[in-house]
Amino acid sequence: MNALKKKKGFNLFAPLFFIIVAFALFCHFFGLHQTLFAYGHRQGQTAIVAAYFLKGGPWFAYELPTFGAPWAAPMEFPVYQWIIALIVHFTGAPLVLTGRIVSIVFFWIGAGILYFGLAGRIGFEKKDRWIPTALFIMAPIYLHWTRNFMIESTVLSFCLAYLLSVFQYIEKPTPPKLFLLCVLGTLSALIKVTTFLGFLAAAGLLVVYYVWKKKFKVQAIRLALKAGVAGFFVPALFAKAWLVFGDHYKELNPLTNNFLTASSENLKLVNYGTLAQRLSWNYWDLFLRGKINDVIGYWWLMPVFIISLCYIPKQRRNLFFTLVGLYFFVPLVLWKVHYMHTYYQYSCAIFLAVAVGVLLSELLKKPGALRTAGVFLLLFTFFLQGRGWAKFYRDKQEYRDPDFEALTTDIRNTLLPEEVLFIYGQDMSPAIPFYADRRALMDRDLLPLSSEKIEKALMLLRADGRKIGGLVNCLADREHNPADLQYRLKILGLKSQPRFSGSLCSFYSR
């Protein structure tokens, strides 16, 4: 009888799961042909790297042609970009569309790893595995950012596979499983170490828990040490080697030296923030409401979930708090960058989604009113997640800036292939150079042309056989004095009147 009820309960929820999958796919493919101008810093950077692979550029010391010569500026290990470049090379598919579809595919691989592998290993019954998976799939941050030209879903998929490999090695340790653990951990750390950090912490807790359950027996400690070497020390060594490799090339460029290098104080401040920021209630207020909204739809559901914990078993309650702790762990380490950039919690939002799944799946097992409350909370959470996407992201996914497309087309038609674009006001976004198909020199600090850095950057351009062919100004008047702009145009040998003037940027040519 109980088995029949369980089967019946699963069948009742099965159509809901398929509706959720269909809705998520709709969100992923909605506005798929949108340009990369929206959040062009990350999308443009990833796309332009893949584009220059297709042009025959180096695959390790790869080019990021936005800060002038020398062009190489390796950042993340480019597994995602390699895959895209190979697909485009062999199929002739459009680059941007390919990048977005590859990102979507990796996300669904991650969802499959969660459903078929990880959910069961953290205590979800087979009939309940759809709950954490659906909450993960429906999180607004995953509904939106998955369809962008970014590495986030790729590294998340590798990290989930890495965590699953830790479980598998503990269950039945064999040399091939240890090797697989090492490979997946190394690739995860190389692709994006900041994403790997949370899963490394989860793997560490899992190994410690295993040793504790085995009462610190020698065999268990030996297994833990092997897992630690393969899953932590080897990935850490490769990640460090890659950072040193990338910094070597970035130090050769006057505009990236001491700015994009891993050891620079500027980058450390951008990544980690300050203690004062971590202690500021204003920061916490904005952080909690904004970030949690992006996972469960609206932050005020969390107090309801916390109260509901009274009705679930202690062991599952402990798992809930462990997952919530992992959710906060990475932002607490990398406070400033998580505070500044919405997409950064793509790396850890899954922990909160699964934590909520632990709570709701337990409520659904209760009789009477508690089960009814659990069903209502589950359905209401799905509704708020979908509403969160519609409210915060739907319009962004279909927005197109006609000025941007006209600007980049004009640049591409005006500048010779060997000419370089001088850009003000786009910070680090390579979206304009990517669509204009021209190399760029981006001055994010508005340095005088007589500054040592700019003079050296221009000298390196000449040594590379290139010259400035045009200037794009995307700054408001208050940020860029018109007289100063005219002086720069004169020194660079460009016309004083813009060839193209749009709502955001103006383009000046020879």
Just need the Rg to Rh number for the range 180-335, please, alpha carbons only, Kirkwood Rh.
1.05
Rank-order 133-141, 96-104 by packing density, defined as the average count of other C-beta atoms within 10 Å over each peptide's residues, highest first.
133-141, 96-104
Peptides ranked, highest mean first, by Cβ atoms within 10 Å: ranges 296-305, 309-318
296-305, 309-318
Beta bridge orientation in the chain: antiparallel %, DSSP, nearest 5
50
Just how large is the dipole of the range 305-461 about the Cα centre, in debye to the nearest 20, putting +1 at every Lys and Arg Cβ and -1 at every Asp and Glu Cβ?
1520
State the extension gain, in nm to one decimal, for the chain segment bounded by ASP395 and VAL218, taking 0.36 nm per residue of separation less the distance between their alpha-carbons.
58.0 nm
Over the chain, what relative contact order in percent results from Cα pairs under 8 Å that are six or more residues apart?
18
The percentage of the accessible area of the range 246-375 (probe 1.4 Å, all protein chains present) made up of carbon and sulfur atoms, to the nearest whole number, is 64
Taking the chain as a whole, which cysteines find no other cysteine Cβ under 4.7 angstrom from their Cβ?
CYS27, CYS159, CYS182, CYS310, CYS348
Rounded to the nearest Å, the spacing of the alpha-carbon centers of the range 98-173 and the range 59-89 is 26
Quickly estimate the mean residue ellipticity at 222 nm for the chain, helices only: each DSSP H run with n ≥ 4 gives -39500 (n - 2.57), and the total goes over all residues, rounded to 500.
-20500 deg cm²/dmol
Work out the charge dipole of the range 406-496 with +1 on the Cβ of Lys and Arg and -1 on the Cβ of Asp and Glu about the Cα centre, then indicate which of GLY465, ILE454, GLY425 is farthest towards its positive end.
GLY465
Fully extended, how many nm does the chain gain between ASP484 and LEU32 (0.36 nm per residue separation, minus their Cα-Cα distance)?
158.7 nm
If packing is taken as the mean number of other Cβ atoms within 10 Å per residue, what is the order of 439-450, 356-367, highest first?
356-367, 439-450
Accessible surface, the chain, averaged per residue in Å² (probe 1.4 Å):
45
Angle, helix 452-463 long axis vs. longest principal axis of the chain, Cα atoms, 0 to 90°, nearest 10?
80
Answer with one residue from LEU492, ALA61, GLY273: the one whose Cα lies farthest towards the positive end of the charge dipole of the chain, charges on Cβ with Lys, Arg +1 and Asp, Glu -1.
GLY273
Nearest 10 degrees is fine. How inclined is helix 193-213 to the longest principal axis of the chain, computing both from alpha carbons?
20
Under 28 Å from the Cα of LYS240 - lysines, other chains or at least 8 residues apart
LYS177, LYS192, LYS226, LYS250, LYS268, LYS336, LYS453
Normalised convex hull volume, the range 278-343, alpha-carbon set, Å³ per residue:
97
Rounded tilt (10° steps) of 40-54 against the dominant C-alpha axis of the chain
80
Rank VAL79, LEU114, TRP145 by how far each Cα sits towards the positive end of the charge dipole of the range 64-209 (+1 on Lys, Arg Cβ; -1 on Asp, Glu Cβ) and give me just the farthest.
LEU114
So, with +1 on the Cβ of K and R and -1 on the Cβ of D and E, and no other charges, what is the size of the charge dipole of the range 377-436 about its Cα centre, to the nearest 20 debye?
560
Largest-first principal axis extents of the Cα set of the range 402-510 (Å):
37, 32, 25
More than 40 angstrom separation, counting every C-alpha pair in the chain; what % is that?
28
Tell me, what is the percent relative contact order of the range 29-123, built from C-alpha pairs under 8 Å that lie six or more residues apart?
22
Dipole magnitude of the range 170-325, debye to nearest 20 (Cβ charges: Lys/Arg +1, Asp/Glu -1, about Cα centre)
960
Which value, in Å² rounded to 10, gives the accessible area of PHE179 with a 1.4 Å probe and all protein chains present?
140
May I ask you to derive the relative contact order of the range 136-272, considering only C-alpha pairs under 8 Å and at least 6 residues apart, and to give it as an integer percent?
20
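The values are calculated or read from the model by the stated rules, or taken from the named source; none is laboratory data. These numbers were taken from a predicted model, which means no experiment stands behind them. All Cβ positions, even for glycine, are placed from backbone atoms using ideal geometry, and neighbour counts span all protein chains on display. What goes into the accessible areas is simple: the full protein's heavy atoms, side chains included, and nothing from ligands, DNA or RNA. Shrake-Rupley method; radii C 1.70, N 1.55, O 1.52, S 1.80 Å.
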